[in-house]
1. List every DSSP H helix in the chain whose Cα atoms extend 20 Å or more along the helix's own long axis and whose mean Kyte-Doolittle hydropathy is at least 0.0.
2. Can you list which of the GluC sites (Glu not before Pro) found in region 61-150 are DSSP loop residues with at most 12 other C-beta atoms within 10 Å?
3. Any idea which of Ile81, Gly137, Ile104 is furthest toward the positive side of the dipole for region 56-156, if Lys and Arg beta-carbons carry +1 and Asp and Glu beta-carbons -1?
4. What number comes out for the charge environment of Val22, summing +1 per Lys or Arg and -1 per Asp or Glu over other residues with Cβ under 13 Å away?
5. Where the centroid of each part is defined by its Cα atoms, how far is region 167-188 from region 10-78 in Å?
6. How large is the helix-only mean residue ellipticity at 222 nm for the chain, computed as the sum of -39500 (n - 2.57) over DSSP H runs with n ≥ 4, divided by its residue count, in deg cm²/dmol to the nearest 500?
7. What number do you get for region 195-312 when its Cα radius of gyration is normalised by 2.2 N^0.38 Å, N = residues?
8. Please compute the net charge surrounding Ala284, taking Lys and Arg as +1 and Asp and Glu as -1 over other residues with Cβ under 15 Å from its Cβ.
Amino acid sequence: GTGGSDDGDAGNYPDDNITFIVPFSAGGPTDTVTRMIAEPMAKELGVKIVVQNKEGAGGTVGAGEVARAKPDGYTVLMHHIGMSTAPALYKNLPYKPLEDFETIGLVTEVPMTIVARKDFAPATLPDLVTYVKANAGKVTLANAGIGAASHLCGLLFQHAAGVKLQEVPYQGTGPALTDLVGGQVDFMCDQTTNTTGQITAGKVKAYAVTTPERVKSLPDLKTTAELGMPQLQVSVWHGLYAPKGTPKAIVEKLSNALKKALANQAVIDQMAKLGTAPVPADDATPQAHRAYLEEQLTTWAKIIADAGVKAT
Ligand code: MLT
C-alpha cells in the first residue's frame, strides 16, 4: 500500500521534535537540500526539526537506521537516487526500498557536474576522456561510497569512456569537495547543490553538466550531450521517507508540510541559486513518490547491469 498504515487522524502529532536523518556528511549536497526544507517544514508543523547526519556506505547506513526506527513520524529520512540504485549494488542491503518505508513525497531533482582540481591537466570533457585513458593507473576519482550519486555518475563516466579508474570513497561529497579544492584528488561527479559555489569562485575546474539542458546558474557550462557524451545523464532526485507502518495521517501531515515548504519563495530562490528547483506540488505526495521510486528501481537495475557492474 501507499501512504502509511491505519486510518484515522494524526492525533496530537507532532508534539515533539522530529529528527531528519541525512545519510551523508554534514555540509554536503543532501544535507544542504534537507536544511533548506527543514526550517519551513518545522514552522508549518509547529515543532523543531533536528537534522542528523548518519553517514556511511554510500547512504545505506542511515537509510537502514530509519528502516528500523519506530514508525511514529518522529524519524524521517531524506534520501536521493541512491534509494533506487543500492539494491543493484549491494548483495546484502539492510533494507528493502519498497517494503521498509512509507514514501512521503519527492523534493527536488539536482543536476550533476563533472569537476576537477583546479590544476588538473585536461581542459575539456573530451580532453578528460583522453587523459584518463592514458593515465588510468594514476588518476583518482572521488565519490561518496557505493550507492552515492557521485559513485553512480562516476560509473557512467567510466563506462562511457571505457576506462577503470582508482576510486577514492568519502562519507559524503562535502569532504570530497574539500579535498578536490585542496588538490588531494583529481576529479569527481557531484551535485550542483555542492559544486556551484566552488565552480563560480574558480576553486575547481568544471567540465560539464549531466542534464539534457544547461543550468541557468552555470550558463556557460556545457552539457555532456553537447560535449559528445550523451550516455552520461543523471539527475539526483530526492525524497522523504518514514519507516514502514507510520500511520497514514502522519505521512499525509508530513507531505502537506513538505508541499508548503516547496512553495516557499525563499526555498525556491535558494534552490535556483544552486541549479535546482522544487518538484511540482503533485510530486510531493506519497503516491507520486512511490510510483517514481518503482520506476527508478527498474531503470537503474537495468543500466547498472548493462554497465557490467556487479553487486558487492
Ligand atoms: C552527499 O550528500 O554527500 C551526496 O549526496 C553524496 C552523493 O550521493 O554523491
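1. Working: long enough: 29-45 (24 Å, -0.25); 248-262 (21 Å, 0.14); 286-306 (30 Å, -0.50).
Helices meeting the span and hydropathy rule in the chain are 248-262.
2. On the way: sites: Glu65, Glu99, Glu102, Glu109; in loops: Glu99.
Passing both the DSSP loop test and the Cβ count: Glu99.
3. Ranked along the dipole, the leading option is Gly137.
4. Numbers: positive: Arg35, Lys54; negative: Asp31, Glu55, Glu65.
Net local charge, Val22 excluded: -1.
5. Each part's Cα centre sits 25 Å from the other's.
6. Values: 10 runs with 119 residues, N = 312.
About -12000 deg cm²/dmol.
7. Normalised Rg, Cα atoms only: 1.30.
8. Details: positive: Lys253, Lys259, Lys260, Arg290; negative: Glu44, Glu102, Glu109, Glu252, Asp282, Asp283.
It works out to a net charge of -2.
Here, each number is a calculation from the coordinates, and none is a lab measurement. It should be emphasised that the depicted structure is a prediction, and the values quoted were computed from it without experimental measurement. Neighbour counts are summed over all protein chains in view; Cβ atoms, including those assigned to glycine, are modelled from backbone coordinates with ideal geometry.
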